[in-house]
Structures are given as C-alpha cells and as structure tokens.
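Read through the structure below, which is laid out as structure tokens, and then see the notes.
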Amino acid sequence: MSDLVLYDVSDHVATITLNRPERRNAQNPQLLDLLNDCWERAAADDDVKVILLRAEGPHFSAGHDTSGVKNDELSSVDDNIAETGTLGLYRWETKRFLGYSRRWREIPKPSIAAVQGACIAGGLMLVWPCDLIVAADNARFADPVVMMGVGGVEYHGHTWELGARKAKEMLFTAKPVLADEAERRGMVNRVVPVEELDQKSRELALEIAQMHPHALEMAKRVVNQTLDIQGQYAALQSCFDIHHLGHNSSYVQTGSFIMVDHNAVKASGKV
Ligand code: ZN
C-alpha cells in the first residue's frame, strides 16, 4: 500500500494528508487516484462529518508532476496518451482533473483545505473544490501555465475565486496571489501563522463537526446550487474545453501537449 496519501478519522473528522513532501506534493496519477479513494471513503463513512485536507512538508502542492515529460509525449501522465493523441488526453484529464475535483466539490459533507507554502496550478484543483480554506501566512497561490502555452489550469476557479481582473493578472503574469490578498478577496477564509495551521484548521473542523450533518449538507447545497445557477458548472466545463484547445494548439505546433520545458518555468523564479 502506497503512503502517498494518508487517511485518518478521529472525532468525526477525516483527515486526508498529501504525503509526498520530497516532491513538494506534486500530483502523479497514483497520488490523484489515492486521493480520490480517500475522499470517497470519507463520503461513505457515516462517522465522518467533516473532511480536512492537508499536506505534509513545507509546501501544499507544486501541481501536476511533469518531471517525466518528454518533448514529444506526456509519458509521465499516462503511457497511453501518446498513442491515443489529443482525445486521449482530453478523456484522461476529464476523469482525473475536472472529474475528480468536481466530485470532491459535490461530496455532501463540509470540507476544509489547510494550505501552506506553494499551491501551484494543479494544487488549485485540490483546494478550490473544498468548502473552506485556511491558509498559512506563507501560502501562495499561482497558475503559471500560460508559460506552457495553455490558458490556465484545468479547473478554472480563478474568476469565481478572485474576480475577473485579478484572475487575468494571475494568469497573464504567472505571479502568485499571497495569503493576505487571498483573504482580502475572499479566496481563503482565514490566514494563520504557519506553525498554527494544523491546530487552527482542526479546531475549525471540530467546531463544524458539532453541527447537524443533514443541516450541513443542505447548507453546502444552497451555496453550491447558487453558484451553479450563476453558471459555475457550465463555465468550468467550457473553460476546461478551452484549456484543451491550448493543449491541442501546442501539440500541432510542437508535438508536445505543453509548449515549454517545465524547468524553464522553475528557472523563471515566478513560482
Ligand atoms: Zn491539461
């Protein structure tokens, strides 16, 4: 059994922990599948009233693990993608990226993400589906994938979370939104000293776990339903398709689903 993701239940709180700190919790397919298994396990357990998502190490998540990406294929993502082409990638990402994130958002129990350090691109797909976000004072949120030739990561929460102008700035410049600004804009619920992140996020989970679970379920639904009536669900799907226009455009031009070497992004110093 892999220990890439840890799972624990106590006091009606399921704690799901990303446990790949040596890679800044970068998401490979196995980690994502295990993560989804943990969400489903928490959803199915009547003893669990609140789900707390946290990460081991100094950084929440560096995003998708593209360390194995070669110039002509996304072999690190899935061996079949090079054979099945752009439609294969679209299907793969529909399941594991937009699909998983959307499923977590719909699980009828309150969820809290506790975020420290870097939360980059694919990292946003893990925290935005959560109902609440507690950020450490050193947290930073960035989506630098315009540097890779696509218009934003697969789960376009940006505009909903930050407002249109800040969303554009975040994408156009690839610079991070820092914890304090994220709080001012309502993207996170509160900012706490990094050394208190675990304690404060757990206190919040325990507080919510005292409430009536069916009422919590309905409270979650009324907010999510309002967002969906405003068009969030349709927008997420549409923006996911635009994301794939970026992959396809890159593929046509360079033979790779992303245009630049990930090392160039790291070397830019922007993330
Ligand atoms: Zn993608």
Exercise. From the list Arg140, Arg185, which one is at pLDDT 95 or above and surrounded by fewer than 16 Cβ atoms within 10 Å (Cβ to Cβ)?
Worked result: Arg185
For this session: Could you identify the single residue in Gly157, Gly151, Gly163 that is surrounded by fewer than 18 Cβ atoms within 10 Å (Cβ to Cβ) and within 16 Å of the ligand (Cβ to nearest atom)?
Result: Gly151
For this session: Could you tell me which of the residues Glu169, Glu154, Glu183, Glu207 is within 21 Å of Gly99 (Cα to Cα) and not polar (S, T, N, Q)?
Result: Glu154
Problem set entry | Unmet requirement for Val177, which otherwise passes all of (1) out of contact with any helix residue (DSSP H, G or I) (no Cβ under 7 Å at 6 or more places or on another chain); (2) more than 20 Å from Leu52 (Cβ to Cβ) | (1)
Seminar exercise, completed: Output for Cβ contacts, cut-off 7 Å, separation at least six or different chains, first residue under 15 Å from Pro129 (Cα atoms) in region 89-107, second within 12 Å of the ligand (Cβ to nearest atom) and modelled with pLDDT of 95 or more, reads Phe97/Met125; Phe97/Glu154; Phe97/Tyr155; Leu98/Glu154; Leu98/Tyr155; Leu98/Phe240; Ser101/Met125; Ser101/Tyr155
Exercise. Out of region 50-69, which residues are in a loop (DSSP other than H, G, I, E, B) and either at positive phi or surrounded by 23 or more Cβ atoms within 10 Å (Cβ to Cβ) (or both)?
Worked result: Gly57, His59, Phe60, Ala62, Gly63, Asp65
For this session: Confirm whether Leu178 is closer than 28 Å to Pro193 by Cα, modelled with pLDDT of 95 or more and within 16 Å of the ligand (Cβ to nearest atom).
Result: no
For this session: Take Ala219 and decide whether it is away from the ligand (no atom under 16 Å from the Cβ), crowded, with 18+ Cβ neighbours inside 10 Å and modelled with pLDDT of 95 or more.
Result: no
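Residues checked against (1) part of a strand (DSSP E or B); (2) more than 13 Å from the ligand (Cβ to nearest atom); (3) at pLDDT below 95:
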position: Asn36; (1), (2), (3): no, yes, no
position: Asn71; (1), (2), (3): no, yes, yes
position: Ala82; (1), (2), (3): no, yes, yes
position: Leu98; (1), (2), (3): no, no, no
position: Lys109; (1), (2), (3): no, yes, no
For this session: Among the residues of region 1-34, write down those that are part of a helix (DSSP H, G or I) and among the hydrophobic types (A, V, I, L, M, F, W, C).
Result: Leu31, Leu32, Leu34
Exercise. Taking into account only those residues within region 84-112 that are of a type in the set (A, V, I, L, M, F, W, C) and in contact with a helix residue (DSSP H, G or I) (Cβ under 8 Å, 6 or more places away or on another chain), which is farthest from Arg202 (Cα to Cα)?
Worked result: Leu89
For this session: List every residue pair whose Cβ atoms lie under 6 Å apart, where the two residues are 6 or more positions apart in sequence or sit on different chains, the first residue falls within region 112-140 and is under 19 Å from Val223 (Cβ atoms), and the second residue, located anywhere, is among the aromatic types (Phe, Trp, Tyr).
Result: Pro129/Trp104
For this session: Kindly indicate whether Asp47 is at pLDDT 95 or above, in a loop (DSSP other than H, G, I, E, B) and out of contact with any Pro (no Cβ under 8 Å at 6 or more places or on another chain).
Result: yes
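The values are calculated or read from the model by the stated rules, or taken from the named source; none is laboratory data. Model, not experiment: these values are computed from the prediction. Methodologically, a virtual Cβ is constructed for each residue, glycine included, from the backbone with ideal geometry; neighbour enumeration extends over all protein chains shown.
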